[in-house]
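Have a look at the structure below before the remarks.
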Amino acid sequence: MTDTLHLADPASLEDLGRFAARARAIDADGAMRLQAAGGVLAAWVGVLPGTGILAEGTVLGLRTFALATPADVDVIVPLGAVT
């Protein structure tokens, strides 16, 4: 496995960019968690922060993508780096 992400097709890359751009419109300084295991990439963003000491009520956005090559990655990156 590799730590480099290669999406399965150009449409997936465009979709990931769109997803990041929408999240960035909500939070310009936000971040995205990219988790890849085998042939699947999960992209997580915070849509609505929770309240209180336990951050209750947090809303997350998630998209999954097929990878062209298996990868093992778990990293948090600024939304600006994805867009």
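The values are calculated or read from the model by the stated rules, or taken from the named source; none is laboratory data. Bear in mind that the values here come from a model prediction, so they are computed numbers and not experimental data. FYI the Cβ positions are ideal-geometry reconstructions off the backbone, even for glycines, and counts take in every protein chain you see. In case anyone asks, the SASA skips ligands and DNA or RNA and just uses the protein heavy atoms, side chains included. Shrake-Rupley method; radii C 1.70, N 1.55, O 1.52, S 1.80 Å.
Mind ranking VAL77, VAL45, VAL59 by accessible surface for me, highest first, 1.4 Å probe?
Ranked from most to least accessible, the order is VAL59, VAL77, VAL45.
Given an 8 Å cut-off on Cα distances and at least 6 residues of separation, report the relative contact order of the chain as a percent.
42 percent
In whole angstrom, and with the biggest value first, how far do the Cα coordinates of the chain range along each principal axis?
Per principal axis, max minus min of the Cα coordinates gives 41, 23, 16 Å.
Tell me, what is the per residue accessible area of the chain in Å², probe radius 1.4 Å?
Accessible area per residue, the chain: 63 Å².
When all protein chains stay in place, what accessible area (Å², nearest 10, 1.4 Å probe) is found for ASP15?
40 Å²
Give me the distance in nm between label points sitting 7 Å out from Cα along the Cα-to-Cβ direction at ASP3 and ALA55, one decimal.
That separation, rounded to one decimal, is 2.4 nm.
Compute the helix-to-body angle for 10-26: its Cα long axis versus the longest principal axis of the chain, expressed 0 to 90° and rounded to tens.
10 degrees
Carbon and sulfur: what percent of the range 1-73's accessible surface (1.4 Å probe)?
C and S fraction of accessible area: 58 percent.
Label point 7 Å out from ASP27 along Cα-to-Cβ: which residues of the range 50-70 have amide N under 19 Å?
Inside the label zone: 50-64.
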